[in-house]
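Comments concern the structure below.
The values are calculated or read from the model by the stated rules, or taken from the named source; none is laboratory data. Computed from a predicted model, the values in this text were never measured in an experiment. Positions of Cβ are backbone-derived with ideal geometry, glycine not excepted, and every protein chain shown enters the neighbour counts.
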Amino acid sequence: MTRVEPSRVRALLDAFREAFGAEADVATDPVAIEPYGRDESDLGTFPPDAVIRATSTAQVAKVLALGSMLGVPVTPVGARSGKSGGSLPVRGGVSLSLERMNRVLEVNPADLLIVVQPGVLTQHVDDVAARHGLFYPPDPNSAGYCTMGGNVAENAGGPRALKYGVTRDYVLGLEWVLPTGEVVRVGRRTSKGVAGYDLVGLFVGSEGTLGVATEITLKLIPRPRVVRTALIPFRNVSQAAEAITEVLTSGLWPRTLELLDDVALQAIAGRGLPVPGDAGAVIIAEVDGVQDDAVLADLASLVERCASRGSLEAQVAQDEVQRERLWSVRREVSPALRALGGRKISEDVVVPRSKVPEAIERFKAAGARAGLVVATYGHAGDGNLHTNVLYRDRADWPRVEAVLADLMAVTVELGGTITGEHGVGLAKQRFLGLEQAPALLDLQRRLRVFFDPAVTMNPGKVFPDPGKA
Ligand SMILES: Cc1cc2nc3c(=O)[nH]c(=O)nc-3n(C[C@H](O)[C@H](O)[C@H](O)COP(=O)(O)OP(=O)(O)OC[C@H]3O[C@@H](n4cnc5c(N)ncnc54)[C@H](O)[C@@H]3O)c2cc1C
């Protein structure tokens, strides 16, 4: 992809320094900016020409206005934990980091809301809410280090999405800087409201292509008083997937039903997950509520349902330490799989729940045909599967591509979607056309150009033909 001329970037940096003097936090040193060229997508390194670490909305607005005027690509960056390459500055230019805008601006228990800057870490939002007996449910497994700005841009989900939904369900309002530098406030502070178009809905999930979130108003809900967690092993992944359908059609509504297949279990072997030797898959099920008796009864009923589908003996976490241990091992699955394979591509397809068993079987078969290992884990309760293709080095890439093409085709054939939470970014552009008709793609391109006529806002992302928008 063509990189922007360095002279344009210099002009942007000069104007920015002139406007903000000593407060302008600008880096151009190759060593300092190199990390901003990478994320968790395993797509390679695309260094920016400069990194600006903004400290205010006014600075963000200035960078975007200058970028638009001078034709310099500007790519917003949170914590670079993204898995679709969204924060990679593929055409160079400026990486606009929001990491220094990391303050909680307001907690309002009476109105059940919290207002944060975009660089606040997701886990911190829930920690602050907890101090008031409140709950911010979206829990990407990266919550300890990803930012709310990145969550808004990707519409992040997580294990609890099964019961509580995703980021979009909690964003009430936004301060948003449009690609031209104009600052708008969209949404509201009330729990309901339908005045005007739903621009919050449009901006959440826009992957840094329609502007930058500089302030985020989030809905909080009462915190469940009791949470109970069980680890339920199965001989194979098909049985586990069928048990999930059994549970969800039984009237129970757990907050998580996480699935790990045999390869994922192999990757985390020895890390303390109490799994019997003959297990080929596990479900981590979690139920919450107000009364301990009722929650325990629901968990017992869930375990029984799984037993009716052939589960092995379940382990119920006896205290918070055991519960946290289960989740910390779950959070290790992604890096452990990378360590197992050398390299990996992590997908986040979603299929209708009833198709989960068939999808997993067909994904494994696609890997076997290409001679590569495919692991599947993730939020199977809502059909969201992190299917990982493991490989050794770049020489394997044609085979990886073949498997990915198969995975996407199967997903769409089963009525699913190519991405449930990581976004299209750079990683899935070439597959978007499988799922969306040309007219729909064209409508979205036109919308993008309406907001960003110069196409300088995170260019080269989302749409299949980066040359067009
Ligand atoms: C181990 C691991 C587990 C993960 N688990 C989950 C999971 O369970 N669920 C899930 O959804 N994701 C998960 N992710 C993916 C990732 O953490 C999320 O996509 C997260 O939302 C990215 O946040 P970030 O701050 O790192 O953003 P970045 O990666 O820095 O950026 C992501 C996108 O957001 C844009 N962006 C960043 N800040 C802003 C802003 N203020 N305004 C506008 N655009 C902005 C960027 O341009 C880019 O397009 C996981 C990642 C890892 C490494």
### Task
Please work out if ALA65 is without any contact (Cβ under 8 Å) to a residue 12 or more places away in the chain, more than 12 Å from the ligand (Cβ to nearest atom) and either surrounded by fewer than 24 Cβ atoms within 10 Å (Cβ to Cβ) or in a helix (DSSP H, G or I) (or both).
no
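Could we say that VAL200 is under 23 Å from the mean Cα position of the chain (by Cα) and free of Cβ contacts under 8 Å to residues at least 60 places away in the same chain here? Let's see the steps before the verdict.
Values: under 23 Å from the mean Cα position of the chain (by Cα): yes; free of Cβ contacts under 8 Å to residues at least 60 places away in the same chain: yes.
Criteria met by VAL200.
Test of understanding: among GLU5, GLU99, which residue is over 24 Å from LYS428 (Cβ atoms) and within 13 Å of the ligand (Cβ to nearest atom)? I'd like the intermediate steps shown before the answer.
Details: GLU5 fails: within 13 Å of the ligand (Cβ to nearest atom).
Answer to the check: GLU99.
Which strands (runs of 3 or more DSSP E) does region 96-191 wholly contain that include 3 or more residues that are crowded, with 18+ Cβ neighbours inside 10 Å and over 17 Å from the mean Cα position of the chain (by Cα)?
Those strands (runs of 3 or more DSSP E) span 113-116, 171-177.
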### Query
Is there a residue in region 142-157 that is more than 10 Å from the ligand (Cβ to nearest atom) and in contact with a Lys or Arg (Cβ under 6 Å, 6 or more places away or on another chain)?
no
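Provide a single number: the residues in region 78-96 that are more than 6 Å from the ligand (Cβ to nearest atom) and at positive phi. If you could, list the steps in order and put the result at the bottom.
We begin by selecting, within region 78-96, every residue more than 6 Å from the ligand (Cβ to nearest atom); these are 84-85, 88-96.
Checking which are at positive phi leaves us with 85, 92-93.
Matching residues across region 78-96 total 3.
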### Task
Mind listing whichever residues of region 413-435 are surrounded by fewer than 18 Cβ atoms within 10 Å (Cβ to Cβ) and free of Cβ contacts under 8 Å to residues at least 60 places away in the same chain?
GLU413, ARG430, GLY433, LEU434, GLU435
### Task
Could you name every one of the helices (runs of 4 or more DSSP H) located completely within region 261-357 that has at least 2 residues being surrounded by fewer than 21 Cβ atoms within 10 Å (Cβ to Cβ) and polar (S, T, N, Q)?
320-331
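Okay, residues lined up against (1) within 27 Å of LEU162 (Cα to Cα); (2) of a type in the set (Asp, Glu); (3) in the same structural domain as ARG235 (by TED's automatic domain parsing); (4) under 24 Å from the mean Cα position of the chain (by Cα):
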{"residue": "ASP348", "(1), (2), (3), (4)": "yes, yes, no, yes"}
{"residue": "ALA368", "(1), (2), (3), (4)": "no, no, no, no"}
{"residue": "ALA375", "(1), (2), (3), (4)": "yes, no, no, yes"}
{"residue": "GLY383", "(1), (2), (3), (4)": "yes, no, no, yes"}
{"residue": "VAL389", "(1), (2), (3), (4)": "yes, no, no, yes"}
{"residue": "ALA395", "(1), (2), (3), (4)": "no, no, no, no"}
{"residue": "LEU404", "(1), (2), (3), (4)": "yes, no, no, yes"}
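A quick yes/no check of all residues on (1) within 13 Å of the ligand (Cβ to nearest atom); (2) at pLDDT 95 or above; (3) under 27 Å from PRO233 (Cβ atoms):
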| position | (1), (2), (3) |
| --- | --- |
| GLY367 | no, yes, yes |
| GLY433 | no, yes, no |
| LYS461 | yes, yes, no |
| PRO466 | no, no, no |
